[in-house]
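Every read-out reported here was derived from the displayed coordinates using simple, explicitly stated rules and does not represent laboratory data. Being a predicted model, the structure only gives us computed values, none of them experimental. Every residue, glycine among them, receives a Cβ derived from its backbone with ideal geometry; neighbour counts consider all protein chains shown.
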Amino acid sequence: MALPTPASTQRALYYPFHLCHERTLARLLEQYRAVHFRDYMALQLTPMSGTTAYQDRMGQYYPELVGTGQIVQGYPVSGPLDADARSAVNRDLSDLTWRHIFHDGLREDRRFQRGLFDLSHSFVIGDSTVPGPAALLRLLDEKRQAQACSVEQAQALSRRRLLCEDAYEFEYVLALIKTSAALVYTIRLCRQHGLEAVTDSEVHFKLLEHTCRREGASLKNRLILREGY
């Protein structure tokens with residue numbers, strides 16, 4: 001998929017994922033000289049627990065665009081959160097407006113939901129396997145959007161054998177942390193490299209907009225609406 005270089009000199013950072021849909025990429029390359037991509041994000045909560053991710057890159061699917069400089073990749077975002085990132089994530093998690101946006105997105109946006117939980121069949125929760133729809137109902141309990149939580153709480157839960165409600169609490173808090181961390185790295189990378197933040201996920205766009213307003217952060221943030229794909 002080789003595209004002509006646009007007249008614009010602006011460069012974009014696609015967020016919050018390390019891969020994007022081919023049609024989104026084509027639209028971005030019509031408007032930006034280059035689109036930058038982070039590597040996969042695998043967060044390490046403790047030395048013995050964390051998340052995993054596929055270690056693929058956009059460049060594996062479009063090597064010709066890497067060669068022309070239209071795709072730029074290689075920004076690592078895996079491993080433990082540093083002190084600044086941890087503080088930023090905890091600020092998101094203690095912000096009730098941010099939490100409401102997250103919870104509404106989890107309830108109403110299927111793509112946002114699928115990015116956090118694989119509920120298509122069954123779902124492993126603690127020592128049990130439950131039907132996906134039943135697990136979703138428990139995760140969407142309204143009390144969760146006002147329940148105090150933090151990175152430290154997730155770390156404490158990860159060290160325990162989790163049963164029933166504690167297991168649901170851990171999965172929900174972990175989803176919050178993954179979502180916030182992806183946005184924290186978005187802000188950091190855009191500032192470091194002079195990039196515009198661009199996404200095709202409306203929920204992530206709203207969350208980042210709110211974080212930037214709260215923090216007084218100046219960041220160009222743009223939403224590409226997906227239609228028909």
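The amide H of Ser122, built 1.01 Å from its N in the peptide plane, has Gly132 as neighbours under 5 Å, considering only residues 5 or more places off or on other chains. Around the amide H of Leu43, modelled in the peptide plane, lie the amide H atoms of Thr51, Gly79, all under 5 Å away and 5 or more residues distant in sequence or on another chain.
With contacts taken as Cα pairs under 8 Å and at least 6 residues apart, segment 98-229 reaches a relative contact order of 23 percent.
Can you give the convex hull volume of the alpha carbon atoms of the chain per residue, in Å³?
Numbers: hull volume 29.1 nm³, N = 229.
Convex hull of Cα atoms, per residue: 127 Å³.
Averaging the inverse of every distinct alpha carbon separation and then flipping it gives the Kirkwood radius. What is it for segment 139-229, in angstrom units?
Numbers: mean 1/r = 0.0662 Å⁻¹.
After inverting the pairwise mean of 1/r, the radius is 15.1 Å.
Regarding segment 1-107, what whole-number volume in Å³ per residue does the convex hull of its Cα atoms give? Write down the numbers at each step before the final one.
On the way: hull volume 15.5 nm³, N = 107.
Taking the convex hull of the Cα positions in segment 1-107, it is 144 Å³ per residue.
Each label was represented as a point 7 Å from its Cα along the Cα-to-Cβ direction; for Ala26 and Leu96 these points are 4.6 nm apart. Subtracting the Cα-Cα distance of Ala134 and Gln60 from their residue separation scaled by 0.36 nm leaves 22.9 nm. Please identify which residues in segment 158-189 have an amide N closer than 11 Å to a label point set 7 Å out from the Cα of Gln147, following the Cα→Cβ vector. The answer is 164-174.
Which whole number of Å³ per residue matches the convex hull of the alpha-carbon atoms in segment 78-177?
Numbers: hull volume 10.4 nm³, N = 100.
Cα convex hull per residue, to the nearest whole number: 104 Å³.
Tell me the mean residue ellipticity at 222 nm calculated for the chain from its helices only (DSSP H runs of n ≥ 4, each -39500 (n - 2.57), averaged over every residue, nearest 500). Show your work: numbers first, answer last.
Working: 10 runs with 108 residues, N = 229.
That calculation yields -14000 deg cm²/dmol at 222 nm.
Across segment 171-186, coupling constants 3J(HN,Hα) worked out from phi with the 6.51/-1.76/1.60 Karplus curve, θ = phi - 60°, read 4, 5, 5, 4, 5, 4, 5, 4, 5, 5, 4, 4, 6, 4, 5, 4 Hz, and Gly and Pro carry x.
Residues whose amide H falls under 5 Å from that of Arg222, counting only those 5 or more places apart or on a different chain, are Ala197, Val198, Thr199, with hydrogens built in the peptide plane. Using θ = phi - 60° in the Karplus curve 6.51 cos²θ - 1.76 cosθ + 1.60, the 3J(HN,Hα) couplings for segment 92-102 round to 4, 5, 9, 9, 5, 5, 4, 5, 5, 4, 4 Hz; x is entered for Gly and Pro.
Taking other residues whose beta carbon is less than 10 angstrom from the beta carbon of Trp98, and scoring Lys, Arg as +1 and Asp, Glu as -1, yields +2. Derived scalar couplings between HN and Hα for segment 123-130 equal 9, 7, 10, x, 9, 10, 10, 10 Hz in order, rounded to whole Hz, by the Karplus curve 6.51 cos²θ - 1.76 cosθ + 1.60 (θ = phi - 60°), x for Gly and Pro.
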